[in-house]
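Colleague: Let me begin by handing over the structure; questions about it come next.
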Amino acid sequence: SKIKRKHYMVVTSAGNSIKKLDIEDFLTVPPSGIIYSKLANGDVVADVSIVADGMDVVIYSGHKALRVNIKDIPHYKRNSVGVTAMNTKDKIEGINAIYDDVTHIVVVTRSGKINKIDVAGLSRGKRAQAGNNVIKLGRSDSIIGIYGVNDHNQLRIITTANTYDIRVADISTGSSMAAGTKIPGVKGSEVVIKAKLYLQ
């Protein structure tokens, strides 16, 4: 109640739907839980992000990323499906907010590649548009995570064999057409299954 800036919960599904919900709807959730999204048959929730009014978000599939403002995402009730997130045939992998202190975008791929680009290098588009390239992918590679970061953040990379912690400050800045660099320590047989962003 003390937060003056309106916040929303943004929900994306793997089947390419997106919506924003009032965060107040989740302040008194009963122990039995609540249904917060209606899904088509076979669809699943891909990701959830808490986003403040005025912020941009990055929606990403396995190959592309789309940056949109929160105002471009329609406001719905919990029992709704939502609208199209991106113009893509790929499933949606996730969504992340670009907070006020973000300076760069970091992209992590399943093969263990990482790319860091200036946040201004990913221009703002409109919901339901095609996404943009944020890394040059190998033929069998795909994006596992995209994060808005600054040099005070740290990434935790979890693979099929190990866990790696990487300081964002230690990642060299590239371009959206760069192939990225191999995450230090990750061997060729390892596959990244999850990445998490932390403050140092």
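Colleague: Tell me which residues, restricted to the stretch 2-30, are within 23 Å of the chain's Cα centre (by Cα) and among the charged types (D, E, K, R).
Modeller: Hits for the stretch 2-30 are ARG5, LYS6, LYS19, LYS20, ASP22, GLU24, ASP25.
Colleague: Condition check: in contact with a Ser or Thr (Cβ under 6 Å, 6 or more places away or on another chain), β-branched (Val, Ile, Thr), in a strand (DSSP E or B) and touching a residue at least 24 places away in the same chain (Cβ under 8 Å). Does ILE105 satisfy that?
Modeller: no
Colleague: Looking only at the stretch 141-200, which residues are aliphatic (A, V, I, L, M), closer than 22 Å to ALA97 by Cβ and open to solvent by 30 Å² or more (accessible area, probe 1.4 Å)?
Modeller: The answer is ILE158, ALA169, LEU197, LEU199.
Colleague: Moving on to the next point. Which members of the stretch 7-31 meet the condition of being assigned to a loop (DSSP other than H, G, I, E, B) and at pLDDT 95 or above? Steps first, answer last, please.
Modeller: Of all residues in the stretch 7-31, those assigned to a loop (DSSP other than H, G, I, E, B) come to 14-16, 27-31.
Hits for the stretch 7-31 are ALA14, GLY15, ASN16.
Colleague: Being of a type outside the set (S, T, N, Q) and on the phi > 0 side of the Ramachandran plot: is that true of GLY33 here?
Modeller: In short, yes.
Colleague: Continuing with this model, one more query. Would you mention how many residues in the stretch 32-55 are surrounded by 15 or more Cβ atoms within 10 Å (Cβ to Cβ), in contact with a helix residue (DSSP H, G or I) (Cβ under 8 Å, 6 or more places away or on another chain) and in a loop (DSSP other than H, G, I, E, B)?
Modeller: Residues meeting the conditions: 2.
Colleague: Determine which member of the set LYS136, LYS187, LYS126, LYS116 is outside any strand (DSSP E or B), on the phi < 0 side of the Ramachandran plot, touching a Gly at 6+ places or on another chain (Cβ under 9 Å) and at pLDDT 95 or above. Full working, then the answer.
Modeller: Values: LYS187 fails: at pLDDT 95 or above; LYS126 fails: touching a Gly at 6+ places or on another chain (Cβ under 9 Å); LYS116 fails: outside any strand (DSSP E or B).
None of the other options fit; the residue is LYS136.
The values are calculated or read from the model by the stated rules, or taken from the named source; none is laboratory data. Given the structure is predicted, the values throughout are model-derived calculations rather than measurements. Ideal geometry is used to build each Cβ from the backbone, glycine not excepted, and the neighbour counts take in all protein chains shown. Note: accessible area is taken over every heavy atom of the protein model, side chains too, but ligands, DNA and RNA are not part of it. Shrake-Rupley method; radii C 1.70, N 1.55, O 1.52, S 1.80 Å.
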